[in-house]
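What follows is a short report on a single structure.
The values are calculated or read from the model by the stated rules, or taken from the named source; none is laboratory data. It should be emphasised that the depicted structure is a prediction, and the values quoted were computed from it without experimental measurement. Note that we place each Cβ from the backbone using ideal geometry, even for glycine, and neighbour counts take in every protein chain shown. When the accessible area is computed, the model is the full protein with side chains, heavy atoms only, and any ligands, DNA or RNA have been set aside. Shrake-Rupley method; radii C 1.70, N 1.55, O 1.52, S 1.80 Å.
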Amino acid sequence: MGGLPATLTAYRRTLGFPINSIALVAGRVNLNNAVRTSKSRGRSVAAAFAGAFTHGHNPVNDISGFVGTRTPLLVVSSPQDQAVSGIQNGLLLATLARKVGARTKVIGVRGPHLNRQYVNADIGRQIGAFFRTHR
């Protein structure tokens with residue numbers, strides 16, 4: 001579950017300097033969705049995000065209050081991904097980011113979680129181009 005920590009690091013600017021852009025590839029950013037996938041994941045989320053996830057509060061919904069709220073975002077998502085729902089994770093984040101004025105790009109792929117459609121040279125080139133555009 002690296003999607004949410006990496007995204008929050010960029011949006012909150014906790015490294016002390018701005019992150020120029022974010023690429024989320026099949027990333028989980030919705031804790032409410034995560035805790036519903038299994039009991040063990042629910043316990044994992046509670047342990048890892050205890051301060052940020054109290055009483056069902058989902059930090060991704062706080063995007064409008066983050067320092068780096070307009071950080072450009074690229075999301076790679078597949079409607080067939082049953083491990084990480086794009087609609088409830090990356091596509092949700094893209095919608096929230098657009099609402100606060102962030103430049104957002106979505107790359108739709110096909111197939112299950114992190115299959116060859118997610119991880120291939122073409123997607124890598126598109127991610128690289130996105131990062132170069134937002135240096």
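For the reader, a short list of remarks on this structure follows.
- Amide N of the stretch 1-43 lying under 14 Å from the label point, which is placed 7 angstrom from the Cα of residue 121 along Cα→Cβ: none
- Order by protection proxy (mean Cβ within 10 Å, highest first), peptides 61-67, 20-26: 20-26, 61-67
- Fraction of accessible area attributable to carbon and sulfur, the stretch 65-125 (%, probe 1.4 Å): 54 percent
- Solvent exposure of the chain, expressed per residue, is 54 Å² of accessible area, with all protein chains present and a 1.4 angstrom probe.
- Tensor-based shape of the stretch 64-115 (alpha-carbon gyration tensor, a/c under 1.5 rounded, otherwise prolate or oblate): prolate
- In the chain, Cα pairs under 8 Å separated by at least six residues give a relative contact order of 28 percent.
- Modelled label positions at residue 131 and residue 32, each set 7 Å beyond Cα in the direction of Cβ, lie 3.2 nm from each other.
- In terms of its C-alpha gyration tensor, the chain comes out oblate, because a/c is 1.5 or above while a/b does not outweigh b/c.
- About its Cα centre, the chain has a charge dipole of approximately 140 debye under the convention of +1 per Lys or Arg Cβ and -1 per Asp or Glu Cβ, with nothing else charged.
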